[in-house]
Every structure is written in C-alpha cells, then in structure tokens.
1. Could you look through the range 1-35, keep only residues that are touching a Phe, Trp or Tyr at 6+ places or on another chain (Cβ under 9 Å) and of a type in the set (Phe, Trp, Tyr), and pick out the one that is nearest to residue 53 (Cα to Cα)?
2. Here are some residues: 14, 18, 45, 29. Which one is in contact (Cβ under 8 Å) with a residue 24 or more places away in the chain, of a type in the set (A, V, I, L, M) and either in a helix (DSSP H, G or I) or exposed (fewer than 12 other Cβ atoms within 10 Å of the Cβ) (or both)?
Amino acid sequence: MVCTTSVILWLWALQDILRNDFKTGTDKLVWVIVVVVLPIVGAVLYLLIGRKQKRDITAA
C-alpha cells in the first residue's frame, strides 16, 4: 500500500510539473531533476514549495 501511494504521488508531482508553466524557465527543469533524483522527498517538497512557483495564468 505504501509503495503504491508513493508511486502515485511521484507520478502526480511529475505530471503536474510537466503540464504547467513556471515563473522562470529553470524552475521547471530544477523540479523535474529533484523529483526524479529524490522521488518521494522531491515529490513532497514540490507539493509543499514548488506549486507556489507556478505562473499564474489568471492574472492579466
């Protein structure tokens, strides 16, 4: 159960990174590397920190 949850969290974080735009071009690359190299820790860090770095597309 823990392994399945970890894989789902990892896949969800990775697809969220790849589908969204970030404020700077290097933010996306850095988050992909962090999530791939440190799967569980990287995914949790992205969910806590990285999601705030995404570009706000609703702002005009």
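The numbers here are math on the coordinates, done by the rules we state, and not lab data. Small disclaimer: the values here were computed from a predicted structure and weren't measured. Neighbour counts are summed over all protein chains in view; Cβ atoms, including those assigned to glycine, are modelled from backbone coordinates with ideal geometry.
1. Per the criteria, the residue is 22.
2. Within the list 14, 18, 45, 29, the selection yields 14.
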